[in-house]
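Trainee: Can you read through this structure? Questions will come right after.
The values are calculated or read from the model by the stated rules, or taken from the named source; none is laboratory data. What you are looking at is a predicted structure, and each value in this text was computed from that prediction instead of being measured. Cβ sites come from the backbone with ideal geometry, for glycine too, and all protein chains shown count toward neighbours.
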Amino acid sequence: MKVNIIGGGVSGMTAGIYLQMNGFETHIFEKHSIPGGLCTSWVKGEYTFDSCAHWILGSDTGSSFYKIWNEILDMKKIQFHNHDVRLEVGLKDNVNKYGEKTFYLYTNLDRLEEYMIDLAPEDTKAIKAFMKPIRVMQKFDLPPILDDLPFIPSMIRGIKMMRYLEFLYWFLKIKNYTNYTYARKFKNPFLRESFELLYDGDEVNMMVLTVPLSIFDKQSAGYPIGGSMAYAKKIEQSYLNHGGTMHYNTPVKKIITENGVAKGLLVRNNVSHFSDLTISAADWKFTVFEALDGKFVDQKMIDLKNLKGLEVFYSVMQFSFGIAKDLSELPHFFRYPLDEPLVSPDGTSYPRFEIHVYNYDATLAPPGKTVVTVSFYTTNREFWIDSRKNNRPKYRAAKTEMVNKIIDILDKRLGIRDNIEVMDVATPATFQRYTGNWKGSTQGWLPGKNIVARSPVGFKLPGLKNFYYSSHWNQPGGGLPIAIKTGRDVAKLICKEHNVKFEVKADHL
C-alpha cells in the first residue's frame, strides 16, 4: 500500500519510518532542499546557526520519549550535552544575601533545592512544596507509551498504571499554578522576583517548567551536539535506510480528492502523484484551507482558522553572530534587564534581553570562535511578513535597524563589536518562507489556560477518506515531542485501520 506524505519535517519523517517498518511504501514530498522543517540550522561562513533543539526531551532513558526516539534512531550513538545550569536570570530590583543579582536555575534538583534554601531559609517550606511535585513526576513515564499487549501483560500493565493516581493527585493540585503562584508563596524578595522573571515577566503555567526540570535532573533532556540540522539528518537517514523515498524541492499545490476520497498529490509543474493513502505533516491551515480548499471542515475548524479558541504560537526574531573570540567563560544562556527597553520596528518593546552562547558545541564554530544568538518572541509578525512581501526596502531597513541596536547591547555586555565576522537575521517572514508555518509560528498553537484540554485538531478530517493529518499542530504547544509522537500515533492508527499489526523493527533494538 502506497502512502504519500506532505512535509519532510520530524513528524512526516517519523510517520514514514514507522510505516516503512510495517510494510507500507512511503514517499515524502518536501518543498525545501533539506529535511527537518522547523528542526533546522544553517551555515554561514565558518559558523552554523541553530534555531530549534536547545534540548531533546528523551535524550536518555530518564524519559518515556527516549523509547520513541530510540525506535527510529540509535540514541546511544548520538552525543548529547547536559547543562548544569538551564538558565541564569538577571534581576532588576533585588539582590541575594551574597550581593548577587542573578538567579541560577540548576538542572540537578538536589542542588537547586539546596541553593534556594541557602538563599532563603525562611522559605524552606515553600521551596520543598515547589520541589515535591517535580520529584513525584520523576516516578512516571510522561506521557506513558501504550502499545497493544496480549491479555496477561495488559492486565499487569493496568495494575502498574494504578500508580499514576499519585501523579494525578499532584497534577490536579498544581495544574493551574503559574510562576506567579509560586512567587507569591515566597517571603524572600529575591526568590519572588526570580520566579516572576523566569519567563521575562510573563505568567506561565508551571507545568511548562516542572516537567522539564524533572527530566533535566535525570539527564534525559540534553542538547544534540552538531545542532538541529545534524539531528534532522539522522532522522532522514533512518527513513532512507528503512526504504522510504524523499522528494525534495517538490512543493505540494493540492491534495487530489475524488468523491470524498484522497487520491494523491498535485505538485509543482502540475505533476500528479497518486497513492492509496495521504498524510499531511505540513502546516494545518495550508493543508485544510489551501491544499484541500476548505472542503472538508466543520464549524470548529472554521473557528480555529478565525483564531476563536486558540491563538497561533509566537513567532521568533533570531539574530545570530559568528564571533572571532573565545567566550567559553560565559554562561551558555542568560537573560537580564535592560537600562532602557529595546523597541523593535514592529512596535514590540522588550525590557529584557536574552543571550545564547553556544560555547558548549565545538562543531558550530572554528577553534577560538563562538556562535552567539539573541532571540525575541513576537506576535506582531504581520509587520515582518507583509513588509517582506510588499515593501522589501522597508523590510531590509527594519532588519538593519534592529540588528544595529542588538550589536550595541551585545558590545556593552560582551565587548564583541570588533570580533563579529558574520551575522544573520531570521524574522517571522523567514520561518514562514522556509517552513510554511502559518504566521511564522514556531510551535503551532499557543496553549490555552487549560493545558490538558483535548486538542481541536485530530488525525482525520470530516468527510474525507484515506487521509490523515499529523504535525505539531495536533497539540497546542507543539515542538519536537509532539511532532514525533503524532508521527508514531498516526502510523499506529493507519496500521489498525488496515489490519496490520503495528511493529517496531530496527537493527539496534
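Trainee: Out of the stretch 259-299, which residues are within 23 Å of THR435 (Cβ to Cβ) and hydroxyl-bearing (Ser, Thr, Tyr)?
Mentor: Within the stretch 259-299, THR278, SER280, THR287 qualify.
Trainee: Give the residue, chosen from LYS76, LYS67, that is under 17 Å from GLY226 (Cα atoms), within 26 Å of the chain's Cα centre (by Cα) and of a type in the set (D, E, K, R).
Mentor: On the way: LYS67 fails: under 17 Å from GLY226 (Cα atoms).
After applying the criteria, what remains is LYS76.
Trainee: Just one of the numbered conditions (1) of a type in the set (Val, Ile, Thr); (2) over 22 Å from GLY12 (Cα atoms); (3) modelled with pLDDT of 95 or more is not true of VAL252; which one?
Mentor: Failing condition for VAL252: (2).
Trainee: I'd like the full set of residues that are more than 14 Å from LYS187 (Cα to Cα) and either at pLDDT below 95 or in a loop (DSSP other than H, G, I, E, B) (or both), limited to the stretch 105-128.
Mentor: The answer is THR107, ASN108.
Trainee: Could you please find all residues in the stretch 292-309 being part of a loop (DSSP other than H, G, I, E, B) and either touching a Leu at 6+ places or on another chain (Cβ under 8 Å) or on the phi < 0 side of the Ramachandran plot (or both)? Can you show your working first?
Mentor: Let us first name the residues in the stretch 292-309 that are part of a loop (DSSP other than H, G, I, E, B), namely 292-298, 306-309.
Correct list: LEU292, LYS295, PHE296, VAL297, ASP298, ASN306, LYS308.
Trainee: Out of everything in the stretch 210-226 that is aliphatic (A, V, I, L, M) and surrounded by 23 or more Cβ atoms within 10 Å (Cβ to Cβ), what residue ends up being farthest from ASN176 (Cα to Cα)? Give the derivation first.
Mentor: Of the stretch 210-226, the ones aliphatic (A, V, I, L, M) are 211, 213, 215, 221, 225.
With surrounded by 23 or more Cβ atoms within 10 Å (Cβ to Cβ) added as a condition, the list becomes 213, 215, 221.
Details: LEU213: 18, ILE215: 21, ALA221: 24 Å.
Here the answer is ALA221.
Trainee: Look through ASP141, ASP74, ASP118 and report the one residue that is out of contact with any Cys (no Cβ under 9 Å at 6 or more places or on another chain), more than 30 Å from TYR18 (Cα to Cα) and among the acidic types (Asp, Glu). Spell out how you get there, then give the answer.
Mentor: On the way: ASP141 fails: more than 30 Å from TYR18 (Cα to Cα); ASP74 fails: more than 30 Å from TYR18 (Cα to Cα).
None of the others qualify; the one that does is ASP118.
Trainee: Something else about it: Regarding ILE28, is this residue in the same structural domain as GLY264 (by TED's automatic domain parsing) and touching a helix residue (DSSP H, G or I) at 6+ places or on another chain (Cβ under 9 Å)?
Mentor: yes
Trainee: Count, please, the residues in the stretch 228-257 that happen to be buried (at least 24 other Cβ atoms within 10 Å of the Cβ), in contact with a helix residue (DSSP H, G or I) (Cβ under 6 Å, 6 or more places away or on another chain) and over 15 Å from ILE5 (Cβ atoms).
Mentor: 0
Trainee: Examine the stretch 333-341 for a residue that is surrounded by fewer than 16 Cβ atoms within 10 Å (Cβ to Cβ), farther than 21 Å from LEU105 by Cα and of a type in the set (Asp, Glu), and state whether such a residue exists.
Mentor: yes
Trainee: For the stretch 476-487, check the following and say yes or no: at least one residue is outside the structural domain of MET206 (by TED's automatic domain parsing), in contact (Cβ under 8 Å) with a residue 12 or more places away in the chain, assigned to a loop (DSSP other than H, G, I, E, B) and surrounded by fewer than 20 Cβ atoms within 10 Å (Cβ to Cβ). First the steps, then the outcome.
Mentor: First pass over the stretch 476-487, keeping only residues outside the structural domain of MET206 (by TED's automatic domain parsing): 476-487.
With the extra rule that they be in contact (Cβ under 8 Å) with a residue 12 or more places away in the chain, the set shrinks to 476-487.
With the extra rule that they be assigned to a loop (DSSP other than H, G, I, E, B), the set shrinks to 476-478.
Within this subset, residues satisfying the condition of being surrounded by fewer than 20 Cβ atoms within 10 Å (Cβ to Cβ) are 477.
The answer is yes; a qualifying residue exists.
Trainee: I'd like the residue in the stretch 113-134 that is touching a Leu at 6+ places or on another chain (Cβ under 7 Å) and touching a residue at least 60 places away in the same chain (Cβ under 8 Å) and, out of all such residues, is surrounded by the most Cβ atoms within 10 Å (Cβ to Cβ).
Mentor: So in the stretch 113-134, the residues touching a Leu at 6+ places or on another chain (Cβ under 7 Å) come out as 116, 119-120, 123, 131, 134.
Keeping just the survivors that are touching a residue at least 60 places away in the same chain (Cβ under 8 Å) gives 116, 119-120, 123, 134.
On the way: MET116: 25, LEU119: 20, ALA120: 21, ASP123: 20, ILE134: 23.
Ranking the qualifying residues of the stretch 113-134, first place goes to MET116.
Trainee: In the stretch 212-230, what residues are out of contact with any Phe, Trp or Tyr (no Cβ under 9 Å at 6 or more places or on another chain) and closer than 21 Å to PRO35 by Cβ?
Mentor: GLY226, SER228, ALA230
Trainee: Could you identify the single residue in ALA365, ALA282 that is over 30 Å from HIS247 (Cβ atoms) and surrounded by 20 or more Cβ atoms within 10 Å (Cβ to Cβ)?
Mentor: Numbers: ALA282 fails: over 30 Å from HIS247 (Cβ atoms).
Being over 30 Å from HIS247 (Cβ atoms) and surrounded by 20 or more Cβ atoms within 10 Å (Cβ to Cβ) holds for just one of ALA365, ALA282, which is ALA365.
Trainee: Answer yes or no: is there a residue in the stretch 370-380 that is farther than 28 Å from PRO476 by Cα and either of a type in the set (S, T, N, Q) or not assigned by TED's automatic domain parsing to the domain that holds ASP326 (or both). So that I can check it myself, show each step before the final result.
Mentor: At the first step, the residues of the stretch 370-380 found to be farther than 28 Å from PRO476 by Cα are 370-372.
Of the ones still in play, those that are also either of a type in the set (S, T, N, Q) or not assigned by TED's automatic domain parsing to the domain that holds ASP326 (or both) are 370.
So far as the stretch 370-380 goes, yes, one or more of its residues are farther than 28 Å from PRO476 by Cα and either of a type in the set (S, T, N, Q) or not assigned by TED's automatic domain parsing to the domain that holds ASP326 (or both).
Residue by residue, here is whether (1) modelled with pLDDT under 95; (2) in contact with a helix residue (DSSP H, G or I) (Cβ under 9 Å, 6 or more places away or on another chain); (3) not in a helix (DSSP H, G or I) holds:
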site	(1), (2), (3)
PHE140	yes, yes, yes
SER154	yes, no, no
THR181	yes, yes, no
PHE190	no, yes, no
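Trainee: If you don't mind, there's one more thing I want to ask. Return the residues of the stretch 192-211 that are part of a helix (DSSP H, G or I) and at pLDDT 90 or above; say none if nothing qualifies.
Mentor: Of the stretch 192-211, the ones part of a helix (DSSP H, G or I) are 192-196, 207-211.
Matches in the stretch 192-211: ARG192, GLU193, SER194, PHE195, GLU196.
Trainee: Inside the stretch 1-104, counting only strands (runs of 3 or more DSSP E) that do not spill past its ends, which hold 3 or more residues that are crowded, with 23+ Cβ neighbours inside 10 Å, touching a residue at least 12 places away in the same chain (Cβ under 8 Å) and not aliphatic (A, V, I, L, M)?
Mentor: Working: elements: 2-6, 25-29, 41-44, 47-50, 85-90.
Ranges flagged: 47-50.
Trainee: Now for a different question. Just one of the numbered conditions (1) of a type outside the set (A, V, I, L, M, F, W, C); (2) over 29 Å from GLY444 (Cβ atoms); (3) within 24 Å of the chain's Cα centre (by Cα); (4) surrounded by fewer than 20 Cβ atoms within 10 Å (Cβ to Cβ) is not true of THR370; which one?
Mentor: (4)
Trainee: Mind listing just one residue for me: the one in the stretch 258-279 that is exposed (fewer than 15 other Cβ atoms within 10 Å of the Cβ) and assigned to a strand (DSSP E or B) and, of those, farthest from the chain's Cα centre (by Cα)?
Mentor: Within the stretch 258-279, the first condition is being exposed (fewer than 15 other Cβ atoms within 10 Å of the Cβ), and the residues that meet it are 258-261, 268-272, 274.
Next, from what is left, pick out any that are assigned to a strand (DSSP E or B): 258, 261, 271-272, 274.
Values: GLU258: 36, VAL261: 33, VAL271: 33, SER272: 33, PHE274: 32 Å.
Result: GLU258.
Trainee: May I ask you to verify whether LEU342 is over 26 Å from TYR434 (Cα atoms) and among the aliphatic types (A, V, I, L, M)? Explain how you work it out, then say what you get.
Mentor: On the way: over 26 Å from TYR434 (Cα atoms): yes; among the aliphatic types (A, V, I, L, M): yes.
For LEU342, the condition - over 26 Å from TYR434 (Cα atoms) and among the aliphatic types (A, V, I, L, M) - is met.
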